[in-house]
Amino acid sequence: MPRFFVDPDISVAKTIDTDFYTNAQVFEQCREKIFATSWQFIGSDELVKEAGEVYPFTLLPDYLDEPLLLTRDKTGELNLMSNVCTHRGNIVAEKACKQANLKCRYHGRLFNLDGKFASMPEFKEVKHFPSKDDDLSKLSLFKWSRWLFTSVNPIYDPGLFFKDMMERVGWMPLGDFKFHPELCRTFHVKANWALYCENYLEGFHIPFVHAGLNAVIDFGEYATELYFPYSSLQLGLSKTSKDCFDLPIDSPDYGKNVAAYYFWVFPNMMFNFYPWGLSVNVVEPVSVGECQVRFLSYVWDENKLDKGAGAGLDKVEQEDEEIVENVQRGIRSRFYKHGRYSVTREQGTHHFHRILAEFINK
Ligand code: FES
Ligand SMILES: [Fe+2]
């Protein structure tokens with residue numbers, strides 16, 4: 001297994017070894033070392049609005065591939081559990097619906113909406129039954145305003161990933177942000193998931209790759225803030241005050257023309273706040289050279305949609321996709337192993353590579 005080293009001093013550091021994006025063994029290792037231990041995006045609490053609603057889903061299909069079930073029980077509480085029947089392993093809930101309990105259709109085992117075992121036919125003679133093991137396994141649920149996250153191996157405190165973002169934009173009426181499925185998109189990208197993320201983490205390419213966005217963003221003022229340990233922020237400042245946030249006086253950004261907050265949370269989530277609301281981008285690994293990127297929109301002010309830095313997101317995505325796919329072809333070359341970083345423009349990418357090395361070497 002290759003080991004990775006990225007010097008903490010950006011001025012002498014080399015970019016992470018290309019094995020990270022091309023080696024199938026490394027890709028396999030990322031599954032448990034990076035994706036199982038970090039916090040993954042589920043969606044907003046609108047997935048189960050009323051008591052009795054159940055929402056089955058697969059966490060990172062074909063990668064973590066974990067069948068899970070989100071429910072809102074009778075008391076209105078949210079529950080997140082394994083969607084695998086504790087009898088012989090059938091999938092319990094097959095589609096989103098509203099019901100009083102959960103019934104496995106293989107042999108009729110019944111569970112309460114909080115995952116507790118309720119009853120089972122033909123099990124009278126079974127000794128030491130039921131026990132705690134017959135309840136559906138519960139998962140950790142981290143909730144930030146309306147948004148839900150889970151970790152299948154929660155060894156890290158979610159605060160290490162989300163705290164700085166939560167503080168910085170906590171003044172927004174996040175509870176009023178509404179999911180708009182018609183604005184959502186999924187993109188298939190022929191590149192390793194990490195290449196997609198590291199491209200996001202530098203604004204260096206904006207003047208070269210995104211002419212439209214460059215007309216709005218003041219590249220000279222574009223600043224990266226590294227939140228240690230596991231997130232960062234790029235502050236998109238505008239050339240004018242048009243289509244910017246109306247910031248409250250206690251915001252640390254008060255007085256600036258903020259067109260966008262681009263938060264990245266390790267390993268694969270981007271939270272782009274615009275005056276119209278939030279675009280969440282989730283990068284999902286598919287294979288060592290492929291990923292899928294989901295864009296999910298949560299709207300705060302419909303009148304501001306498609307204005308300023310938050311306009312034309314599909315075009316910006318296509319421009320990113322094209323360049324990242326080129327890079328995936330480039331890093332397969334025998335003649336390229338490492339590059340170097342711009343000290344002023346690539347701190348976010350350097351920070352990301354450092355975290356990748358930290359997690360994968362464990
Ligand atoms: S697998 Fe669910 S009742 Fe048998
Ligand atoms: Fe880009």
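The values are calculated or read from the model by the stated rules, or taken from the named source; none is laboratory data. Only a predicted model underlies this, so the values are computations on that prediction, with no experimental measurement involved. All Cβ positions, even for glycine, are placed from backbone atoms using ideal geometry, and neighbour counts span all protein chains on display.
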| Got a sec? Which helices (runs of 4 or more DSSP H) wholly within segment 183-262 have at least 2 residues that are within 28 Å of Pro285 (Cα to Cα)? | 193-200, 206-209
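For every residue, the table says whether it meets (1) part of a loop (DSSP other than H, G, I, E, B); (2) in contact with a Cys (Cβ under 7 Å, 6 or more places away or on another chain); (3) more than 29 Å from Ser145 (Cβ to Cβ).
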position	(1), (2), (3)
Asp7	yes, no, yes
Val12	yes, no, yes
Glu28	no, no, yes
Ile42	no, no, no
Glu50	yes, no, no
| task | Report yes if Ala260 is among the aliphatic types (A, V, I, L, M) and without any contact (Cβ under 8 Å) to a residue 12 or more places away in the chain, otherwise no. | result | no
| task | State whether one or more residues within segment 65-77 are modelled with pLDDT of 95 or more and closer than 19 Å to Cys197 by Cα. | result | no
| remark: Residue hits (segment 82-141; acidic (Asp, Glu), out of contact with any Pro (no Cβ under 9 Å at 6 or more places or on another chain) and assigned to a loop (DSSP other than H, G, I, E, B)) are Asp114, Glu122, Glu125, Asp135
| query | For segment 314-338, what are the residues that are surrounded by fewer than 16 Cβ atoms within 10 Å (Cβ to Cβ) and in contact with a Lys or Arg (Cβ under 7 Å, 6 or more places away or on another chain)? | reply | Asp314, His338
| How many of the residues making up segment 116-162 are within 28 Å of Asp253 (Cβ to Cβ), touching an Asp or Glu at 6+ places or on another chain (Cβ under 9 Å) and among the charged types (D, E, K, R)? | 2
| All positions within segment 310-337 that are in a loop (DSSP other than H, G, I, E, B) and away from ligand 2 (no atom under 16 Å from the Cβ) | Ile331, Arg332, Ser333, Arg334, Phe335, Tyr336, Lys337
| request: Select from segment 92-104 the residues that are within 17 Å of Ala118 (Cα to Cα) and in contact with a strand residue (DSSP E or B) (Cβ under 6 Å, 6 or more places away or on another chain) and write down the one among them that is nearest to ligand 2 (Cβ to nearest atom). | output: Ala93
| task | Go over the candidates Ser82, Ser119 one by one and state the one that is within 16 Å of ligand 1 (Cβ to nearest atom) and either within 28 Å of Val282 (Cβ to Cβ) or within 30 Å of the chain's Cα centre (by Cα) (or both). | result | Ser82
| query | Would segment 318-332 turn up any residue that is aliphatic (A, V, I, L, M) and touching a strand residue (DSSP E or B) at 6+ places or on another chain (Cβ under 9 Å)? | reply | yes
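Residue by residue, here is whether (1) at pLDDT below 95; (2) surrounded by 14 or more Cβ atoms within 10 Å (Cβ to Cβ); (3) small (Gly, Ala, Ser) holds:
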site: Lys132; (1), (2), (3): no, no, no
site: Leu136; (1), (2), (3): no, yes, no
site: Pro154; (1), (2), (3): no, yes, no
site: Gly170; (1), (2), (3): no, no, yes
site: Gly175; (1), (2), (3): no, no, yes
site: Lys190; (1), (2), (3): no, yes, no
| query | Give me the pairs: first residue in segment 313-342 and acidic (Asp, Glu), second residue modelled with pLDDT of 95 or more and away from ligand 2 (no atom under 16 Å from the Cβ), beta-carbon distance under 7 Å, and six or more apart or on different chains, which are they? | reply | Glu325/Lys190
